[in-house]
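Undergrad: Attaching a single structure in structure tokens format; questions to follow.
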Amino acid sequence: MGIKVHTDSIATQESRTVHRCEALRTTNDPKTGAKAGEPCNYYVGAKLYDGRWLCHWHKPADATPAPEPEKPAPRPPKGGKIDSPDDAQRLAAWGAQQVALGHLPHQRGNSIANLCREFRRAFAESGTLAKWMMSANLLRRSAEAARRGDRARSDHWWQKLVEFENNDGARFDDLLAALKADMEKNP
């Protein structure tokens with residue numbers, strides 16, 4: 001059923017075999033007078049599909065692969081709960097790692113980083129960081145006194161730390177002044 005058609009006017013070019021579409025029409029074509037049920041016979045771009053020559057209108061639809069089932073999102077450390085700046089830093093690092101591995105879209109990673117950054121700023125402004133720093137200073141002063149062998153001074157600063165923790169930092173300014181005075185006396 002192949003017809004020889006020259007593809008070029010140059011005589012040196014080889015001719016190729018042209019195949020007409022073998023699919024049956026489903027509608028009438030008023031322009032050509034072709035009726036439904038007749039072969040299509042369109043020959044431009046006809047290709048062999050499953051043993052039949054078909055034009056681009058009648059070729060089978062591309063078999064699109066079934067979408068992969070969506071993987072569950074990876075679980076963040078501590079379930080995403082942030083209680084301290086260390087937790088925020090750990091979560092931000094986890095988010096960056098998941099984006100780098102391709103497990104999270106970059107928009108989610110950016111959101112995690114922004115939320116952690118905001119938590120750290122709010123944490124510092126809330127006074128909680130200052131309370132932690134005061135507790136660390138009191139503990140350090142107690143440990144330094146104990147290292148020097150000054151048991152009375154060590155117990156004094158330890159007691160101040162316990163009071164500070166029990167009062168939820170109520171006497172912050174008094175403790176800060178006492179720490180400064182002690183630092184001047186015992187550098």
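Derivation of every value follows stated rules applied to the coordinates shown; laboratory data play no part. Because the structure is predicted, anything quoted here is derived from the model rather than measured.
Undergrad: Using a Cα-Cα cut-off of under 28 Å, which lysines could be cross-linked to Lys71, ignoring same-chain neighbours fewer than 8 residues away?
TA: Lys81
Undergrad: Give, in nm to one decimal, the length gained when the segment between Glu70 and Asn114 is fully stretched (0.36 nm per residue of separation minus the Cα-Cα distance).
TA: Gain on stretching Glu70 to Asn114: 13.3 nm.
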